[in-house]
Amino acid sequence: MRFSEYTTISPMGDAAIRIEFNEAMSVQQYHMMQLLIQHIEDAELPYEEIVPSFQVITILFNPLDVKKKIHNRQNPYQWLEEKICIILQQEIIVTEQMEEVVEIPVCYGGEFGPDLEEVANYHGITPGEVIQKHTGRDYFVYMLGFAPGFPYLGGLDESLATPRKQTPRLKIEAGSVGIAGSQTGVYSIETPGGWQIIGRTPTALFTPEAENPTLLRAGVWIRFYPISIEEYHELKGESLCQSLA
């Protein structure tokens, strides 16, 4: 197969190229995007930055720098697009990747999960069944965004998909675990938000003073597991001590 079978290439103004993957996001497509980025980097083209997102790769370039590579009157965008199209025509093999799983403890319900009952009532199930479904599968981290260290996850059980709150909260604590539409996620910092909050983790996803400030990265898996409120406070204390060390 070739990259071109799954992508559409188009301009973004006069200093960027957009490569969009046409199919719904999947783990295989994520690895295909990473492979394409590697091919573009290996080609040593005159670009300034490659910016990947959920289903789009944006290549930013300086037209003046590209012009220095051209020995005719060709448009810089057209020249760079032709080079990238050659890459898109290459035969590719997407290999299986070793899975790295990050386990995240969550205290569900109560003061940490004020919307757990609402999510359960919306689906006509018990809060315990919501917890069982939410912890019953692993979630793939497609990208970080929205806030530092905030993971965009794939893999939520479709039977837990729940609309956002009509009126967002002005303050959601860091570590809050929520559901919004067909996604679940963890708030990495305190911020406003409209997700349905079903629990909270004592694990810090963003520690700005650390050498590696974000716990997660694109390409890893998350596995949630339930803990008691006593375990939450115990783990929270340990986490605080580690951050102060």
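The values are calculated or read from the model by the stated rules, or taken from the named source; none is laboratory data. All values reported here derive from a predicted model rather than from experimental measurement. Backbone-built Cβ (ideal geometry, glycine too); neighbour counts: all protein chains shown. For accessibility, only protein heavy atoms count, side chains too; no ligands or nucleic acids. Shrake-Rupley method; radii C 1.70, N 1.55, O 1.52, S 1.80 Å.
Odds and ends about this structure:
- Looking only at the range 154-202, and only at residues there that are open to solvent by 40 Å² or more (accessible area, probe 1.4 Å), touching a Pro at 6+ places or on another chain (Cβ under 7 Å) and outside any strand (DSSP E or B), the one that is farthest from Y122 (Cα to Cα): I189
- The combined condition, being under 22 Å from the mean Cα position of the chain (by Cα) and open to solvent by 70 Å² or more (accessible area, probe 1.4 Å), is fulfilled by E41.
- Taking the listed residues I87, I93, I9, I59, the one that is open to solvent by 60 Å² or more (accessible area, probe 1.4 Å) and either closer than 27 Å to V220 by Cα or of a type in the set (A, V, I, L, M) (or both) is I93, with no other qualifying.
- Across the range 89-132, the number of residues qualifying as assigned to a helix (DSSP H, G or I), in contact (Cβ under 8 Å) with a residue 24 or more places away in the chain and of a type outside the set (D, E, K, R) comes to 8.
- Scanning the range 67-84 for residues that are surrounded by 16 or more Cβ atoms within 10 Å (Cβ to Cβ), over 19 Å from F3 (Cα atoms) and of a type outside the set (F, W, Y) yields one hit, P76.
- Selection within the range 1-36 - assigned to a loop (DSSP other than H, G, I, E, B), under 23 Å from N62 (Cα atoms) and not acidic (D, E): M12, G13, A15
- Any hit, the range 37-44, residues being out of contact with any Cys (no Cβ under 9 Å at 6 or more places or on another chain), farther than 24 Å from L156 by Cα, at pLDDT below 95 and not in a helix (DSSP H, G or I): yes
- Residue list for the range 133-143, filter: touching a residue at least 60 places away in the same chain (Cβ under 8 Å) and either open to solvent by 80 Å² or more (accessible area, probe 1.4 Å) or part of a loop (DSSP other than H, G, I, E, B) (or both): T135, D138
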